[in-house]
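Data first, discussion second: the structure below is written as structure tokens.
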Amino acid sequence: MRPYVLLAALIACRPEAVGEPGGRDNKDIELAFTEEPILSVPQTGVRLVRRLTLRTNRPTTVAVELDDGERQWTLSFSSAEEVHDLAILGLRAGRTVSVVMTATDVDGDQLSSIQEIETVDLPAVWPDIRILTHEVGRVEPGLTLLNMREPSSATDQVIIIDADGEVVWWREIAEKVVDIRMLDDGTLMAVSNMDIVRLSMLGDELDHFAVEDDLLRYHHEVAPGPGDGWVTLASKPLLVAGYPASYNDPNQTEETIIADDLVLVLDADGQELERWSLAEILDPTRIGHGSLGTRGDEIDWAHANAVVYDPDEQAYLVSVRHQDAVIKLNSIGELVWILAPNANWEPPLSDFLLSPVGDEIEASYHQHASMFGPDGHILAFDNGNNRSSPFTGLPKVRDSDNASRAVEYHIDEEAMQVSQTWSHKMTTLGTVYSGQMGDADYLPQTGNILINYGHAGYIDGVSNADAGLGDSVIRVVEVDKATGDIVWEVSLDSPIDEVPLGWSLNRSDRIPDLYGPGGGE
């Protein structure tokens with residue numbers, strides 16, 4: 001199924017969708033419900049949502065007024081239809097909500113139905129969500145989409161919170177969700193349980209791209225690709241001779257099976273158009289710290305964790321974590337440059353290394369979520385693991401002495417040079433070290449940067465255990481890029497005696513509205 005074949009139906013479910021009255025001339029017939037409004041709970045794992053269905057004897061628009069005792073708001077669905085199937089979004093947990101549904105025809109005739117609903121409470125095992133900073137007027141408008149996990153649980157929680165930290169949408173997914181984002185049509189695209197799925201905000205599965213038989217998994221990211229297609233990452237086994245078996249002795253090698261990461265370009269139906277092997281682009285015998293670990297049954301040589309496509313340049317940016325490298329590929333998968341520490345790169349790959357310039361530049365290690373920015377800039381979340389490379393003799397930086405950061409670089413492709421233009425590593429509670437996960441995003445309206453420390457183990461050098469918290473905590477920070485001021489920060493954590501392993505978060509995204517870029521209350 002093409003990802004956008006249901007767009008017309010979905011538009012009818014969005015507030016302020018535009019439509020024209022239609023149907024037979026029945027002005028002399030009194031406006032009436034032919035099927036009374038029903039507010040039902042979707043059986044899709046989604047919470048804090050109702051599906052509103054109703055039918056009238058001539059085309060009507062629908063307005064829904066909601067009052068949960070603390071907040072009143074109205075949703076207006078302006079597509080004139082006789083049959084309505086609408087998503088009621090924006091409910092909060094543990095509330096009694098009064099709902100007034102009013103249908104209006106082209107002549108202004110109206111009829112209403114009043115109902116009351118009860119929303120579910122949040123689970124007993126749930127992080128404490130606290131807003132640590134909120135500079136009203138300086139924060140990027142919208143809501144924040146998070147896919148969080150309690151590591152001992154097989155169930156992931158995808159939530160959307162408002163600027164006050166209130167959960168306004170929530171879907172429980174009984175698989176691992178490694179990436180989820182809202183598309184321009186208001187649907188959600190995710191990599192879940194090694195497949196790619198597209199979901200409506202009612203939780204319905206609209207598309208499902210199963211991993212190909214010769215691949216081990218889709219992983220880490222799915223993003224818009226060329227045309228109306230997609231770009232994602234996959235992996236497959238590869239036998240490599242002469243693979244290093246030690247981080248200290250480059251002469252200690254063995255034959256081994258690695259997980260070769262692949263960049264895949266898919267069409268709108270999920271069919272594979274292009275496949276580029278990182279083992280063919282890079283050197284499968286070059287390792288970084290982490291390259292002797294395993295992913296499944298294979299050695300985790302590269303651990304690619306992000307891929308994005310730039311339609312203006314027709315190019316791809318790939319984050320290769322265990323190589324401490326961000327690489328750029330052209331439209332046919334050829335290497336353009338490598339941004340990485342310069343240790344252990346041999347010709348011809350060393351010819352693609354960007355040369356650092358400027359006193360401020362600092363290399364990134366084990367980064368996540370690299371993305372294209374304006375005017376030759378790229379942005380990434382620099383986890384900073386070890387801050388050293390194998391075979392150099394340089395000691396690893398201890399976690400307690402380390403700090404993760406968001407960092408922006410400027411790439412001069414003609415000169416093959418890189419300079420650092422911006423970085424930020426502070427929260428309201430000090431520096432944070434997040435050895436896993438993480439994200440950094442440009443925000444379009446304010447120019448702010450949203451930073452996700454998704455698996456924080458140390459806050460200002462103090463371990464979570466010493467602070468009485470679970471093993472990992474989440475900090476999401478919005479920074480005014482021009483001033484460095486923190487304008488919004490949310491903390492998600494739990495006491496160690498309640499949730500010993502804590503909470504982690506792969507990605508965070510600021511979305512404009514629960515109904516997508518064209519929606520709104």
**Message:** Taking all protein chains in place and a 1.4 Å probe, what share, in percent, of the accessible surface of region 129-260 do carbon and sulfur account for?
**Reply:** 45
**Prompt:** In Å², what does the accessible area per residue of region 120-162 work out to with a 1.4 Å probe?
**Reply:** 44
**Fill in**
In whole Hz, the Karplus estimates of ³J(HN,Hα) for region 82-87 (6.51, -1.76, 1.60; θ = phi - 60°; x where Gly or Pro) are 8, 10, 10, 10, 10, 9
**Solvent-accessible area, 1.4 Å probe, carbon plus sulfur percent, for region 412-502** = 48
**Asked** Per residue, how much accessible area does region 409-499 have with a 1.4 Å probe, in Å²?
**Response** 37
**Fill in**
Expressed as a percent, the portion of alpha-carbon pairs in the chain spaced more than 44 Å apart is 20
**Message:** To the nearest 20 Debye, how big is the dipole of the chain about its Cα centre, given +1 on the beta carbon of each Lys and Arg and -1 on that of each Asp and Glu?
**Reply:** 720
**Message:** Counting heavy atoms of the protein chains only and a 1.4 Å probe, report the per residue accessible area for region 343-400 as a whole number of Å².
**Reply:** 48
**Prompt:** Among rounded, prolate and oblate, which fits region 454-505 when a ≥ b ≥ c are the square roots of the eigenvalues of its C-alpha gyration tensor, a/c under 1.5 means rounded, and a/b larger than b/c means prolate?
**Reply:** prolate
**Length added when fully stretched, E116-V41, from 0.36 nm per residue minus Cα-Cα** = 25.7 nm
**Message:** Quick check: at a probe of 1.4 Å, how many percent of the accessible area of region 63-103 sits on carbon and sulfur atoms?
**Reply:** 39
**Item:** Label-point separation in nm, L501 to N193, each point 7 Å along Cα→Cβ
**Value:** 1.8
**Dimensionless Rg ratio for region 244-299, taking C-alpha atoms and the 2.2 N^0.38 Å reference** = 1.43
**Request:** Using Cα centres only, tell me the gap between region 352-421 and region 114-151 in whole Å.
**Result:** 32
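The values are calculated or read from the model by the stated rules, or taken from the named source; none is laboratory data. Source: prediction; values computed, not measured. Every residue, glycine among them, receives a Cβ derived from its backbone with ideal geometry; neighbour counts consider all protein chains shown. Side chains included, ligands, DNA and RNA excluded: accessible areas come from the protein's heavy atoms. Shrake-Rupley method; radii C 1.70, N 1.55, O 1.52, S 1.80 Å.
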